[in-house]
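These notes are about the structure you will find just below.
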Ligand code: PMP
């Protein structure tokens, strides 16, 4: 039997979890979650929470969404797993349906794997194989995942461990609030940095550049207008590929578009998808142009669980729900309203230095001083804990843990927004 008590779970975790797993626990007093439905979670004592984190963005269309659960249940009962060595129609359908969501023009092909970092790792290998170049560019405050290769393109020291591969130049992120070129500097000076870096820190020829269309863990940093297209241009001029990490910003989350990169009209060479693609089922995909994937076939590459039909059945159901339930449109409308309410909070509480985001990818950044913009980690932690009392689950993010990130299941409603705004207002008002 399962022991649902907090104490029992704490004791087992303390005894049997590795140190890193125990470190990444957000709350002072942990919560045991027992049930989820759409944008809500319930703990073991049946208290209801609004989930503004979506279990770290992977719950795209709602916790235990019935359409997704039914699809996965039916597939698991028929044939839980079938590797890509054999033929199965479900992953093949999903590949077709994913390709249909992408810009017209290229012949898109899909490689399935199990997690975002695995997909990033593969995207890096594809870029290096296709171009014959080694050097990659990535951004400061980027987060691309825990495999050794994904760590090497992650621009936050706290996530980088010994033993990462090299040949990566990390360059300044075009943060319009606190970037190195100051507030609202636009894309231009950061695009110059790409050129300068290629000329100084690489062989002059590069394999590519990885960009989150909206940096997630880095604290919701949206690429400014012209940056993604400008970066693609410069990287291609040096022989490289433009790799869009859509792990957080994809599947309609930015509201205006299905894919974050569409905001800038750029067509990436490689697109990395994970998290929201499976609504909680472990699934990821590297989508690329046919000719770019081709040279990889000179050698074998195979993920045992890649294209697992149970997860792919969930993935197909996610795309169906996104279409049928107008999920992207909801992200746009509800996200715009939530951002408006965050702006009201900013004018009322001086601890808030900035509010920002697109669709249902939003953030509040806390500073000690509006001029120096010194990050305020303590206030962020206090507001975060106070929100928990209002039964709101958020995330402390950013390189300084001074950003509250909101990336809820995209079924969040306008009524929820009222509750969220009131809860946040209470939390800020209660600060000493
Ligand atoms: N890219 C981005 C933008 C992410 O946010 C994450 C996960 N937080 C990853 C890649 C890695 O994904 P995973 O945890 O599934 O390996």
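Rule-based calculations on the coordinates, nothing more; no lab input. Please read these numbers as outputs of a predicted model, since none were measured by experiment. Backbone-built Cβ (ideal geometry, glycine too); neighbour counts: all protein chains shown.
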**OP:** Can you check how the C-alpha radius of gyration of segment 204-352 compares to 2.2 N^0.38 Å, as a plain ratio?
**Re:** 1.21
Original post:
When the chain is modelled as a GNM with alpha-carbon springs shorter than 10 Å, which of 181, 300, 112 fluctuates the most?
Top reply: 300
**OP:** Would you please give the FRET efficiency between residue 301 and residue 20, computed as 1/(1 + (r/R0)^6) with r the Cβ-Cβ distance and R0 = 22 Å, to the nearest 0.05?
**Re:** 0.20
Subject >> Label-point separation in nm, residue 10 to residue 425, each point 7 Å along Cα→Cβ >> reply: 3.4 nm
Original post:
Label-point separation (nm) for residue 84 and residue 413, each offset 7 Å from Cα along Cα-to-Cβ?
Top reply: 4.1 nm
Subject >> Over 30 Å [Cα-Cα, the chain], rounded percent >> reply: 42 percent
Original post:
Taking other Cβ within 10 Å of each residue's Cβ, how do 113, 312 sort, fewest first?
Top reply: 113, 312
**OP:** Using packing as a proxy for protection, rank 403-416, 276-289 so that the peptide with the highest average count of other Cβ atoms within 10 Å comes first.
**Re:** 276-289, 403-416
Original post:
When 83, 202, 15 are ordered from fewest to most other Cβ atoms inside 10 Å of their Cβ, what list results?
Top reply: 15, 83, 202
**OP:** Answer rounded, prolate or oblate for segment 132-244, using the Cα gyration tensor with square roots of eigenvalues a ≥ b ≥ c: rounded when a/c is under 1.5, else prolate when a/b is larger than b/c, else oblate.
**Re:** oblate
Original post:
Dividing the convex hull volume of the alpha carbon atoms of segment 375-432 by its residue count, what do you get in Å³ per residue?
Top reply: 72 Å³
Original post:
In segment 68-324, what percentage of the DSSP-assigned beta bridges are antiparallel, given to the nearest 5?
Top reply: 45 percent
**OP:** State log₁₀ I(q)/I(0) for segment 68-324 at q = 0.16 Å⁻¹ as given by the Debye formula over alpha-carbon point scatterers of equal weight, solvent excluded.
**Re:** -1.17
Original post:
What Kirkwood hydrodynamic radius, in Å, does segment 94-163 give when the mean of 1/r is taken over all pairs of distinct Cα atoms and then inverted?
Top reply: 13.7 Å
Original post:
Suppose R0 equals 35 Å; then what is the FRET efficiency for residue 45 and residue 372 from their Cβ-Cβ distance, rounded to the nearest 0.05?
Top reply: 0.25
Original post:
Hey, how much of the P(r) for segment 325-387 falls beyond 20 Å, as a percent of Cα pairs?
Top reply: 34 percent
Original post:
Rg/Rh for segment 289-359: what does it come to with C-alpha atoms and Rh from Kirkwood?
Top reply: 1.27
Subject >> Mean residue ellipticity (222 nm) of the chain, computed from DSSP H runs ≥ 4 via -39,500 (n - 2.57), nearest 500 >> reply: -11500 deg cm²/dmol
**OP:** Have a look at the DSSP beta bridges in the chain and tell me what percent are antiparallel, nearest 5.
**Re:** 70 percent
Original post:
By how many nm would the segment from residue 160 to residue 77 lengthen if fully extended, with 0.36 nm per residue of separation less the alpha-carbon distance?
Top reply: 25.9 nm
Original post:
On full extension of the chain, what length is gained from residue 27 through residue 125, given 0.36 nm per residue of separation minus the C-alpha to C-alpha distance?
Top reply: 31.6 nm
Original post:
How far apart, in nm, are the 7 Å Cα→Cβ label points at residue 324 and residue 35?
Top reply: 2.3 nm
